[in-house]
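Reviewing the structure listed below.
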Amino acid sequence: MPDMVRLTAWVLRHRWWVALFWAAVAVAGGVTAPTTADRLSFSFDLPGQPAFETNQAITKTFGTAGVDDPLLVVVRGGDATTSAEDLARRLQQGVPGTRVVTAADASHLTTADGRASVVVVYPRVSGGPEPYAATQPRLEKVVTAARSEGVDARLTGFELLSEGGSSGGSRSVLAEVVLGAAGALVVLVLVFASLLAGVPLLVAAVSILGTFLALLGLTVLTDVSAVVEYLVALVGLGVAIDYSLLVVTRWREERSAGLDNDEAVAAAMATAGRSVLFSGVTVAVSLAALVLVPLPFLRSIGLGGLLIPLLSVATTLTLVPVLLSAVGPALTWPRRQATVGPSRFWGRVAAGVLRARWLTIAGCVVVLLVLAAPVLGLRLGSAQLSGVIGDSASARAVSAAVSGGVPVGVVRPVQVLTEGSAVALATRLREVDGVAAVAAPTTWSEGDQRLLQVYLRADPASSAGRAALDRVRSTASRLDARVGGSPAEDADFVTAVYDDIGWVVLAVVVVTFLLLARALRSLWLPVKALVLNALSIAAAYGITVWIWQGGHGTDLLFGQPAAGAVTTWVPIAAFAFLFGLSMDYEVFILSRMRESYDRHGDTPRAVVDGIAHTGRLVTSAALILFLAFIALSTVPSVDVKILATALALGILIDAVVVRSLLAPALVGVLGRANWTMPRWLRAVLRARPVPEPGHAAGPE
């Protein structure tokens, strides 16, 4: 590892060049940010997976359908079926290339009482995040014209409902950053009570803009998922603030101990700076683990994501010492006496935990296991229709149609592509248990290709719907037909990502263990940290499943019903985020305990010292991230709400239960074993021998 003392000395000697460099990076990142955003990919390809390949063939052949769920027009009234047929013709005339399915193709598209009928609409698709962006306004114009003539018609569809009812329902990344930064500023003002609160925010801004600039370079080499944009904004905000907060807090502590300004900067970088370096590498490893997943868009998230902690570390280790050296003392205005050094409150908490260490361990483990229990019933997939139904007129229309007997599978049809007899295949598919209706429109043919629409009786995201889908795929394969549609691609996504997820997790665990063992010069501290991370993440998963899949509190917290399933990509994304971010706090705490133990060799005292010095810091840092993820949970997209829920709860559980209570209790129980490193591990890591207490080695 680099010598932090020499690095800091070099930075301070060249402070103006360093400042100019980061200023140039920030300006360039800000100027090119729109270009970077435009170059991001909205592709979620699953190459080699059967549903993806089928969907590609469907879209290429028919110009629409495939993985993109249809829009729906719900027509209500006394003669709904006839009105729906007439409106379907007008839609095709008004928007050429549009393909439709009506009750003439599948009678189940009209409710049992005949007062509502659904037109399944597939406009031509265009690239980008909204496949019908070019055609939807024209469809809306036709529907609006029909309404002006007295036809009760509503344009709806799964994507429109899940995004809050319109394509423009989601907020920009900038809005999320502003919300997160506002919450962070409140916390930082409470921590510093001075202009120092602006330093972490300034460093975060430079880091985020620098990461966007690096991201632009990455887009030249490979496709980068648009999801990375949110990673850079929100995770970058939290990580950069956390790292600079750690260094600035240590600098204040060293200043209060009597060091002059530059000496305090050097001392802070030699201790807190070293922790930041190891923490950043750990976060990068957890995000880079996504590179091992055999899907291009997740790999791109891994490649783009690892830039976040690396740029955050770079700005913290170079820009923060420059700012503190140049203007640090002036930023203590209004010079209110700041609370520095160990916190009495957190010292008392640590002492209380040590007095009841076994009881604390037992209680915390039981609580975490109870919170994690719902994960055993985890169901992966897109949200169920019941989870995206809001209170809009379009939502009420589709809900009423489904309640009246229209199959819920109409919202997300299963599509079957065949070169054989569509009539014979449709007959066989109608006999499959769980299939409500099959439409085989004669107009859905190109050359020798025929496309059928299969409407499941149960929601495709439910257990019953997934079982019915499996039966449809089995039947179709026996008849040399291929199955596509978003439900089939969801199922293949789960298979592609999670069948080999154990290897991804193992790679992260092994690399993280080696990094922590090297940083902490210990065998058991890294083992303990990894076990606690597993418990923390499992608990976050469990509560997320309980809320979003089980429907406990979604109305109260988010004003909408439960999704009924957890989005397929959320668990692995949440793992990558939470593993690294939680390990950040572990490194901060354990590094301070290690530093204390090396001075005096007393484990209980080291625990109290470590928690007293970092408790307030870790709580503040966790609160900043928690508020950022709460801001993220307010966007209309259900998928993003689920991810934000997992991240916010994971950070909260980790800071309150794991790092404040369980971690110090376990260190107290392990005693001297915490601080030992076997010779074989030292040889593997080429680490120095563990110094005797009172003879601590200097920073590496």
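The values are calculated or read from the model by the stated rules, or taken from the named source; none is laboratory data. The model shown is predicted, which means the values in this text are computed figures rather than measured ones. Note that we place each Cβ from the backbone using ideal geometry, even for glycine, and neighbour counts take in every protein chain shown. Each accessible area value is taken on the protein alone, full model and side chains, heavy atoms only, with ligands, DNA and RNA left out. Shrake-Rupley method; radii C 1.70, N 1.55, O 1.52, S 1.80 Å.
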Residue satisfying condition, being more than 15 Å from R379 (Cα to Cα) and at pLDDT 85 or above, within set L556, L525, L515, L520
L525
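One line per residue, one yes/no per condition, for (1) open to solvent by less than 10 Å² (accessible area, probe 1.4 Å); (2) at pLDDT 85 or above; (3) not hydroxyl-bearing (S, T, Y):
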| site | (1), (2), (3) |
| --- | --- |
| E595 | no, yes, yes |
| P604 | no, yes, yes |
| T614 | yes, yes, no |
| A628 | yes, no, yes |
| V640 | no, no, yes |
| I651 | yes, yes, yes |
| A665 | yes, yes, yes |
| L670 | no, yes, yes |
Answer residue from the range 456-507, given it is of a type in the set (D, E, K, R) and in contact with a helix residue (DSSP H, G or I) (Cβ under 6 Å, 6 or more places away or on another chain) and is surrounded by the most Cβ atoms within 10 Å (Cβ to Cβ) among those
D459
Could you identify the single residue in S403, S386, S394 that is over 28 Å from the mean Cα position of the chain (by Cα) and open to solvent by 50 Å² or more (accessible area, probe 1.4 Å)?
S403
Report the residue count in the range 470-510 for those that are touching a Ser or Thr at 6+ places or on another chain (Cβ under 6 Å) and among the small types (G, A, S).
2
For the range 34-69 the number of residues that are polar (S, T, N, Q) and either within 15 Å of G484 (Cβ to Cβ) or without any contact (Cβ under 8 Å) to a residue 60 or more places away in the chain (or both) is 7
Pull up the range 19-48, narrow it to residues that are over 25 Å from the mean Cα position of the chain (by Cα) and of a type in the set (F, W, Y), then point me to the one that is nearest to V228 (Cα to Cα).
W22
Somewhere in the range 254-272, is a residue among the acidic types (D, E), modelled with pLDDT of 90 or more and not in a loop (DSSP other than H, G, I, E, B)?
yes
Residue under question is A540, and the condition is that it be in contact with a Gly (Cβ under 6 Å, 6 or more places away or on another chain) and open to solvent by less than 10 Å² (accessible area, probe 1.4 Å); does it hold?
yes
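Is it the case that the range 21-31 has a residue that's open to solvent by less than 70 Å² (accessible area, probe 1.4 Å) and more than 30 Å from V265 (Cβ to Cβ)?
No, the range 21-31 contains no residue that is open to solvent by less than 70 Å² (accessible area, probe 1.4 Å) and more than 30 Å from V265 (Cβ to Cβ).
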Restricted to the range 544-570 and to residues being touching a strand residue (DSSP E or B) at 6+ places or on another chain (Cβ under 7 Å) and part of a helix (DSSP H, G or I), the residue most open to solvent (accessible area, probe 1.4 Å) is Q549
I need a count of the residues in the range 436-447 that are assigned to a strand (DSSP E or B) and either surrounded by 22 or more Cβ atoms within 10 Å (Cβ to Cβ) or modelled with pLDDT of 90 or more (or both).
4
Of the residues A226, A233, which single one is of a type in the set (G, A, S), closer than 30 Å to L40 by Cα and in contact with a strand residue (DSSP E or B) (Cβ under 8 Å, 6 or more places away or on another chain)?
A226
Report, by residue number, each residue of the range 369-392 that is modelled with pLDDT under 80, assigned to a helix (DSSP H, G or I) and aliphatic (A, V, I, L, M).
L385
Of all the strands (runs of 3 or more DSSP E) wholly in the range 59-158, which have at least 1 residues that are open to solvent by 50 Å² or more (accessible area, probe 1.4 Å)?
71-76, 152-157
When the range 406-435 is checked residue by residue, the ones that are modelled with pLDDT under 90, of a type outside the set (S, T, N, Q) and surrounded by fewer than 20 Cβ atoms within 10 Å (Cβ to Cβ) are E419, G420, V423, A424
Using the structure shown, decide if I208 is touching a strand residue (DSSP E or B) at 6+ places or on another chain (Cβ under 8 Å), in a helix (DSSP H, G or I) and either modelled with pLDDT of 90 or more or farther than 21 Å from V25 by Cβ (or both).
no
Kindly provide the set of residues from the range 508-536 that are open to solvent by 10 Å² or more (accessible area, probe 1.4 Å), under 20 Å from the mean Cα position of the chain (by Cα) and in contact (Cβ under 8 Å) with a residue 12 or more places away in the chain, ordered by number.
V509, L535
